[in-house]
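Before any comments, here is the structure.
Where a number appears in this text, it was derived from the coordinates with a stated rule and is not lab data. The shown structure was predicted, so the numbers you read here are calculated from the model rather than taken from an experiment. All Cβ positions, glycine included, derive from the backbone under ideal geometry; neighbour counts span all protein chains shown.
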Amino acid sequence: MQLATTSAVPGARDRILDAAEQLVSAAGASNLTLDAVAQSAGVSKGGLLYHYPSKDALLVAMLERHCEQIDARCELARAGFAEDDGASHLKSVVIGMLRSNAVRAEVGTALLAAAANNPSLLDPIRQRYAETVARLAAHPCSFPRAAIVTLAVDGLMMGEVWRLTPFTPEQREQIVSELLRLVDEAFDDSACPGPERPALTK
């Protein structure tokens, strides 16, 4: 009996999160209410509150799930590279973030909902961004180009979430390919002047 209950919990949680994302996509972040989510997910209000006792808890769960999904996709992309270095890490971010439409849409709805309801909920995302910048800054010679690649990835992703970008699939693939080329250029040691190359910081 306990096994059946345990196995049913993730399904209920996922249905609730899926319903919340669909509501944000269809009606906007301001219309995300616990009552609407419960009705859309086919659960009682009490059942929803059992898993997510507040709206903030629901929003945090939305963000956490999609950060985990992005991490998994980036790790999968990274496994395809022979080297485990700065270039392969950044390439895996480009591939993981831009070659999955589902990730872009889901993260966009989660971010929009959190920002509209309680901007402080984005603090973990800010921390992740700061860690990414610190990792790039550990390679002083490549930092400017690598940072530009990161900004381009974020800009393209959010532009597509908000349906602002007019790129054709062919143009978009050209952009992704160019970003991957820029990563190679950013981490090309030959681009750094030998004697004046900045020392790496710990």
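Summary of values
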quantity: SER25, SER44 arranged by Cβ crowding within 10 Å, fewest neighbours leading; calculated: SER44, SER25
quantity: Where a label projected 7 Å from the Cα of GLN69 along Cα→Cβ would reach, residues of segment 17-59 with amide N under 12 Å; calculated: 17-22
quantity: Packing rank of 12-23, 124-135, where each peptide gets the mean count of other beta carbons within 10 Å, highest leading; calculated: 12-23, 124-135
quantity: Computed E for MET158/ALA79 - FRET, C-beta separation, R0 22 angstrom, nearest 0.05; calculated: 0.25
quantity: Ranked by how many other beta carbons lie within 10 Å on average, peptides 91-98, 60-67, 79-86, 176-183 from highest; calculated: 91-98, 60-67, 176-183, 79-86
quantity: Segment 66-174: translational diffusion in µm²/s, Stokes-Einstein, Kirkwood Rh over Cα pairs, 37 °C, 0.692 mPa s; calculated: 221 µm²/s
